[in-house]
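First the structure, in the form of structure tokens, and then the observations on it.
The values are calculated or read from the model by the stated rules, or taken from the named source; none is laboratory data. Computed from a prediction, not measured in an experiment: that's the story for all the values here. We place every Cβ from the backbone using ideal geometry, glycine too, and count neighbours over all the protein chains shown. To get the accessible areas, we keep the full protein, side chains included, count just its heavy atoms, and leave off ligands, DNA and RNA. Shrake-Rupley method; radii C 1.70, N 1.55, O 1.52, S 1.80 Å.
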Amino acid sequence: MSGPSTYEPKTGFTRWLDQRLPIVRLGYDSFVDFPTPKNLNYWWTFGGILMVCLVTQIVTGVVLAMHYVPHVDYAFASVQRIERDVPFGWLVQNIHSNGASMFFLAVYIHMFRGLYYGSYKPPREVLWILGCVILILMMATAFLGYVLPWGQMSFWGATVITNLFAAFDGGTGIITNWLWGGFSVGNATLNRFYSLHYLLPFILAGVIILHVWALHVVGNNNPTGVSVKSRADTVPFHPYYTVKDSFAIVLFFILFAIFVFFMPNALGHADNFIPANPLSTPAEIVPEWYLLPFYAILRAIPNKLLGVIAMFGSLLILFILPWLDTSRVRSMRYRPIARWFFVFFVICCLLLGWCGARNPDHLVFQTGVDAEGHATGFTFLMLARINTAYYFGYFLIILPLLGLIETPKARPASIDASVLGGRKVSSSGAAVQPAE
Amino acid sequence: MTDASIDTHDGEPSRRDFIHIATGAFAAVGAGLVAWPFIVQMNPAADTLALASTEVDLSLVDEGSEITIIWRGRPVFVRHRTGEEIAEAEAVDISTLRDPQTDDERLVPGPDGEYRRQYLIMLATCTHLGCVPLGDGAGDYGGWFCPCHGSHYDTSGRIRRGPAPLNLIVPEYTYLDDSRVRIG
Ligand code: HEM
Ligand code: FES
């Protein structure tokens, strides 16, 4: 996709610079003249939204770091001080804490987009894998950040998550003591989490650069999944997508602002307004909403080690997805059966999130009463197990098999033809071109 | 390298191969040595380790009650068990347990070699993911219950049901005299 550069320096200075550091050329080829499929819909605007989210988190984070004190005795109070006493501290703090949620909202939509339109299929495997790395780094960053305010959820979330790694040291404490720098989550832990919370977003930025680089080598996928075949299929990135992306960013920021200004704590947990207390665990520990589905998978399995493996596995499986899906048709627009399984997959993820937020032993609905008069029925644990099975089944059974048995619908001959309603290629399996 | 034959003597490793491997190995060992301090610095520091023991007077704990003390920054249960609780703990067939241990194996004998079976001392951290279980007879086995993901422990602190893999951990401790104990 990245054809020969069309940049022509116009002034003496840019000509001089271009021969020494072609940075203006890089920007021009990447964001101005970059040939982009002309049929991208609004699901494609989330990449730009994510860029803005990262910048927002870094800018607000650097400001918070000017006022935050990473010490068990002062951390909680310093965050309260930011919210109450520091001029506009409430604004910066609310943007940062809600920004994390917005970031995840955008990244999940961005990923479901990729799953639906087959953006992980050749030649975009590396692009997809870099995206998976970004997701994991984001989760790590958000988890570390959530510990910093040192409320009850911060402390006990940190305790539970670090104890996950004890599944691998046979109860000797070698790994956990190393992670904590002590015999429990304490001041040493808070300090190192702060250091890493500051570091990871910049590593994230580096991986995002690789992600965009990989994008610019292979080019955008598009809603038809049909590869770009000629100049007629594309438009230059600027002004077409700069404007479309900007519009979407504005809409997204309206939503963001509603949270920041009208319900800044709606996504948080009341227990995090209680200072950390190592002697008492809150009645229920729940992570932030964006980690709930993974928490549900962890709890769905009765064995600690297997639960931890399943939870990490649910993320790692995304890395090999390009080789699990056997269908050569990219876009599920033309996969009449797969698209239904995809819809169920989205529902499955939402249900897992619901299970993660609820006590596993509570009932989704009641079916009867046992001998002692307790209500019995379908528990959240059962719901979590069914959905965990579907989550893995989707990747390990449905996508591999479906590619072999499904007959795809007719795809347009080209992007241009699809936009202008041109002729269709035949729907027989034999006519399927490599990866459309 | 365009001409591989320069480097090899009829497929035999050459002197140059040896130098390459030796240099590479040396660099790898060096990289490991440099990495080591950066990894180990994360372990508990000397001052943290220095706080590693604490003393408790058991006579202050009434029968049928428990106290929670802090040792190495983490909570420790000290329970004065009733005769009933002890009997219950001893009656369990240990072959049915997930982490088989007799009640005596979870105690430490006093200076006279006798068990003070009424005093049970354990880390107050659930062996699942580290929450502090609820005590005072909580759970279906009359011992402790962890609300985080529902682990039930019996009157000896042994895991009976739920996701936790191990019994509540008994820290290292010794009796200083009849009723005083040093943990750590
Ligand atoms: C990927 C980007 C980032 C994400 C997802 C993220 C996420 C979070 C989250 C969820 C919190 C907890 C807020 C709360 O619950 O009240 C937090 C706190 C914090 N973050 Fe970040 N953060 C990011 C980048 C940064 C950066 C780059 C810095 C510093 C340069 C930073 C500095 C801080 C500080 C000082 C706090 C503690 C104050 C507070 O809790 O409001 N963050 N972060
Ligand atoms: S931490 Fe106790 S049951 Fe999970």
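When B:Gly64, B:Gly110 are checked against the criterion of being out of contact with any helix residue (DSSP H, G or I) (no Cβ under 7 Å at 6 or more places or on another chain) and either free of Cβ contacts under 8 Å to residues at least 60 places away in the same chain or within 14 Å of chain A (Cβ to nearest Cβ) (or both), a single residue qualifies: B:Gly64. Screening the range A:165-192 for residues that are of a type in the set (Ser, Thr, Tyr) and buried (at least 18 other Cβ atoms within 10 Å of the Cβ) and picking the one that is farthest from the other protein chains (Cβ to nearest Cβ) gives A:Thr189. Filtering A:Phe31, A:Phe103 for residues that are surrounded by fewer than 16 Cβ atoms within 10 Å (Cβ to Cβ) and of a type outside the set (S, T, N, Q) leaves a single hit, A:Phe31. Residues that are within 14 Å of chain A (Cβ to nearest Cβ) and within 16 Å of ligand 2 (Cβ to nearest atom) occur at least once in the range B:86-102. In the range A:31-53, the condition of being within 14 Å of chain B (Cβ to nearest Cβ), away from ligand 2 (no atom under 16 Å from the Cβ) and not small (Gly, Ala, Ser) is met by no residue. Are any of the residues in the range B:169-184 among the acidic types (Asp, Glu) and open to solvent by less than 50 Å² (accessible area, probe 1.4 Å)? For the range B:169-184, residues among the acidic types (Asp, Glu) and open to solvent by less than 50 Å² (accessible area, probe 1.4 Å): absent.
A single member of A:Leu324, A:Leu316 is more than 14 Å from chain B (Cβ to nearest Cβ), within 30 Å of A:Pro408 (Cβ to Cβ) and exposed (fewer than 15 other Cβ atoms within 10 Å of the Cβ), and it is A:Leu316.
Residues in the range A:193-210: is at least one touching a helix residue (DSSP H, G or I) at 6+ places or on another chain (Cβ under 8 Å), open to solvent by less than 20 Å² (accessible area, probe 1.4 Å) and closer than 26 Å to A:Pro282 by Cα? Scanning the range A:193-210, I find at least one residue that is touching a helix residue (DSSP H, G or I) at 6+ places or on another chain (Cβ under 8 Å), open to solvent by less than 20 Å² (accessible area, probe 1.4 Å) and closer than 26 Å to A:Pro282 by Cα, so the answer is yes. The set of residues in the range A:390-412 that are open to solvent by 20 Å² or more (accessible area, probe 1.4 Å) and out of contact with any helix residue (DSSP H, G or I) (no Cβ under 9 Å at 6 or more places or on another chain) comprises A:Ile397, A:Leu401, A:Leu404, A:Ile405. Residues of the range A:255-291 that are more than 16 Å from ligand 2 (Cβ to nearest atom), open to solvent by less than 40 Å² (accessible area, probe 1.4 Å) and part of a loop (DSSP other than H, G, I, E, B): A:Pro264, A:Ala276, A:Glu288. Residues that are assigned to a helix (DSSP H, G or I), under 22 Å from B:Ala46 (Cα atoms) and within 11 Å of ligand 1 (Cβ to nearest atom) occur at least once in the range A:174-190.
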